[in-house]
1. Determine whether residue 85 is in a loop (DSSP other than H, G, I, E, B) and without any contact (Cβ under 8 Å) to a residue 24 or more places away in the chain.
2. Hey, among 65, 23, which residue is part of a loop (DSSP other than H, G, I, E, B), without any contact (Cβ under 8 Å) to a residue 40 or more places away in the chain and surrounded by 12 or more Cβ atoms within 10 Å (Cβ to Cβ)?
3. Can you find a residue in region 49-61 that is modelled with pLDDT of 95 or more, surrounded by fewer than 17 Cβ atoms within 10 Å (Cβ to Cβ), touching a helix residue (DSSP H, G or I) at 6+ places or on another chain (Cβ under 7 Å) and within 23 Å of residue 101 (Cβ to Cβ)?
4. Select from region 88-108 the residues that are buried (at least 17 other Cβ atoms within 10 Å of the Cβ) and not in a strand (DSSP E or B) and list them in ascending order.
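The values are calculated or read from the model by the stated rules, or taken from the named source; none is laboratory data. Please read all numbers here as calculations on a predicted model, not as lab measurements. Neighbour counts run over all protein chains shown; Cβ positions are idealised from the backbone, glycine included.
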């Protein structure tokens, strides 16, 4: 935790992204880099015309952090994807409520 769900790139690209970004994310968030988990979900995107090409979609699930930290994380992930040749990305942040979060069946 935090969990970073990645769609729209290959599993190999997601693995490389995790290796390249976890330490930087730890520095930005001031937490151990091994707290970050990247979860690759293979997905296809569709609209009314059928299957479409789409840029990467990233969902960050975590406990609330200051806006400047969130902005820095979004910049880091977006800039990384641009360096990999993607024209843009969609990044969203989702906040866990402490009262709703459990690890191994135990309330956090």
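1. For residue 85, the condition - in a loop (DSSP other than H, G, I, E, B) and without any contact (Cβ under 8 Å) to a residue 24 or more places away in the chain - is met.
2. On the way: 23 fails: part of a loop (DSSP other than H, G, I, E, B).
From the options 65, 23, the qualifying one is 65.
3. No.
4. Within region 88-108, 89 is the sole residue that qualifies.
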